[in-house]
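Please read the structure below before turning to the comments.
The values are calculated or read from the model by the stated rules, or taken from the named source; none is laboratory data. The structure displayed is predicted, hence computed values, not measured ones. Backbone-built Cβ (ideal geometry, glycine too); neighbour counts: all protein chains shown.
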Amino acid sequence: MTEPTLPDCRLYLITPPRLEPEGFAETLKAALGAGDVACLQLRLKLEDGDTTADADTIRRATEILMPIAQAHDAAFLINDRADLASELGADGVHIGQNDTPYDEARNLLGPDHIVGVTCHATRHLAMVAGEAGADYVAFGAFHKTDTKAAISMAEPEVLTWWSTLTEVPCVAIGGITIENAAPLVAAGADFLAVSAGVWAHEEGPAAAVADFNRIMSEAEASRTV
């Protein structure tokens, strides 16, 4: 039997910033079982929304959630903390411009793990990250979001520019929902990074994952790259 062909654009889930791992585990299982999900980023923050949770909180959540993600063939990434990603055996790390420098993250994780880099809406930052060897660059925010304060607002054209320029994958992030996802797929996004658009969906996370997969498949026909 041949394996089903996955769409060019895939779903990249980001956890809620605050969660109770054991309680969230069943929600995660339902979401990952509802459709294709490329990866899950563990992004835990304190009440201020900007400060990363302490190491023990991240360790406990990883112990519970990473096996679930990997059992569903979703890569498990840790936000900000390349040291913990290495210590805990995660599949990779996502770093911002003010987090662990790329070279340090790569040295900690080695060549066989994922290191993705936030590039906001800046083409120069993306070029620097891509040339350094980043496994993906993330552009955003494309829409307003309550998950975090957006440093910059991006336009879909940056996805088209990047996808035409290089084979390094690009991630679209920031306020993405099933209502506004299609133009980003059409513009050339390789991944849609979604948090509240899945976890806060009125019909539940599993329904949201199924809807995102349907929308991405339908939007493939209008991709510009």
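With the condition kept exactly as written, say whether any residue in region 42-62 is buried (at least 21 other Cβ atoms within 10 Å of the Cβ), assigned to a strand (DSSP E or B) and modelled with pLDDT of 95 or more. Looking through region 42-62, at least one residue is buried (at least 21 other Cβ atoms within 10 Å of the Cβ), assigned to a strand (DSSP E or B) and modelled with pLDDT of 95 or more. Taken as a whole, the condition of being among the hydroxyl-bearing types (S, T, Y), over 26 Å from A200 (Cα atoms) and either free of Cβ contacts under 8 Å to residues at least 40 places away in the same chain or crowded, with 23+ Cβ neighbours inside 10 Å (or both) applies to T122. Here is a check on your reading of the model: is G116 surrounded by 18 or more Cβ atoms within 10 Å (Cβ to Cβ) and touching a His at 6+ places or on another chain (Cβ under 6 Å)? When the stated conditions are applied, G116 passes them. Identify all residues within region 125-149 that are assigned to a loop (DSSP other than H, G, I, E, B), out of contact with any Phe, Trp or Tyr (no Cβ under 9 Å at 6 or more places or on another chain) and either surrounded by 15 or more Cβ atoms within 10 Å (Cβ to Cβ) or not basic (K, R) (or both); write none if there are none. Of everything in region 125-149, those that are assigned to a loop (DSSP other than H, G, I, E, B), out of contact with any Phe, Trp or Tyr (no Cβ under 9 Å at 6 or more places or on another chain) and either surrounded by 15 or more Cβ atoms within 10 Å (Cβ to Cβ) or not basic (K, R) (or both) turn out to be D135, A141, F142, H143, T145, D146, T147, K148, A149.
E218 passes every criterion in (1) part of a helix (DSSP H, G or I); (2) in contact with a strand residue (DSSP E or B) (Cβ under 6 Å, 6 or more places away or on another chain); (3) free of Cβ contacts under 8 Å to residues at least 40 places away in the same chain; (4) farther than 23 Å from T100 by Cα apart from (2). Residues in region 79-88: is at least one closer than 27 Å to A210 by Cα, under 15 Å from the mean Cα position of the chain (by Cα), surrounded by 15 or more Cβ atoms within 10 Å (Cβ to Cβ) and not polar (S, T, N, Q)? Within region 79-88 (the criterion being closer than 27 Å to A210 by Cα, under 15 Å from the mean Cα position of the chain (by Cα), surrounded by 15 or more Cβ atoms within 10 Å (Cβ to Cβ) and not polar (S, T, N, Q)), the answer is no, since none of the residues qualifies. Answer with yes or no whether D99 is more than 23 Å from L46 (Cα to Cα) and among the charged types (D, E, K, R). In short, no.
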